[in-house]
Amino acid sequence: MRARGLLNFILGALLLVLLVAVQVQSAPAEQYVLASPVSKQEKEVRFLTFRDNLDRRDIALAPGQSLDTRGLSGIFKKFKKSKKGTCDECDLAEPQGVQGGSQTVSDQTSSALESLYRTIKGVNLVKTGGTVHVSFDPKTAALYGASEIYGCTVVIVLDGQGAVIGHYPQEYGNVITMNDAAATQKKIITPLEAALDLIDFTTQTQAYIVHSSTEKSTGYNAIVQALTENDMPKTNIHSMPYTAGLSTVGHRGKIVVQWELKEDGGARLKLYVQNEEPVYVRDFDKDRNPCTEI
């Protein structure tokens, strides 16, 4: 009996040793070589791998999820601090920056804005349901817009680096899009957030929400939240309400983003929203940095 017990003990010990050996062999080496020296190059590789994995994790999370929810707030900033441009101070547009909130839409039928709008190439007009991102070329003039609005919501985010233009339907199914949380998320927030991820904006970037709703609506507040969660200050977000169902004659219903070159090598960026006068005018140097900061 004692011999059999001793034999069982020896067999058990051997089995335990084999199990430990298998675990050590299958485990990652770095778990067991913690004391070995790590070169500077290896440290950099490990950091880059960690950062890439973190980026993939961030992208995989649900749209609309805040940075605080992700636990990543403060690690990556979407809207970076801008750099003031070097410009010809005698050739700056007046006034610079934001020129006020909503504008009165007149009944004027003869319209320079309409003439400008008609020159936009079809491919550069964002149709209902579309969201596009464009980068401005400091050597190439450009003209973009949204197809004529009659009740839809249009979001424009822009600076010298480029623009995001989203054109969202007034209705989805049997609901008003801006009044319904599910419709807002699907038709507005999801495509808008995807576009915002594609351009590096700065603290000088401005956003305009052109809508036939109210600033208390579900949709309006969801759009503001999507922008602020990308580090845009609320002071850079502007409400541009209008009345749905009106005529699109003249400048009514017209939204135009104009990037025009200047003789000094810089460019002037303008945004028109259903009015002959632009709501936004900024000058940028040849490197697309703003000539004046706001």
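Values in this text are rule-based calculations from the coordinates and carry no lab data. Given the structure is predicted, the values throughout are model-derived calculations rather than measurements. Quick reminder, even Gly has a Cβ in these numbers, built from the backbone with ideal geometry, and neighbours come from all protein chains shown.
General observations
- Gain on full stretching of the segment that runs from S247 to A112 - 0.36 nm per residue minus C-alpha separation: 46.9 nm
- Neighbourhood net charge (10 Å Cβ-Cβ; Lys/Arg +1, Asp/Glu -1) for Q206: 0
- Projected label points at T140 and N124, each 7 Å from Cα along the beta carbon direction, are separated by 1.0 nanometres.
- Virtual spin-label span in nm between D200 and A182, 7 Å along Cα→Cβ: 4.0 nm
- Between the stretch 215-294 and the stretch 165-197, the C-alpha centres lie 19 angstrom from each other.
- Principal axes of the stretch 91-284: Cα extent on each, largest first, Å: 51, 39, 30
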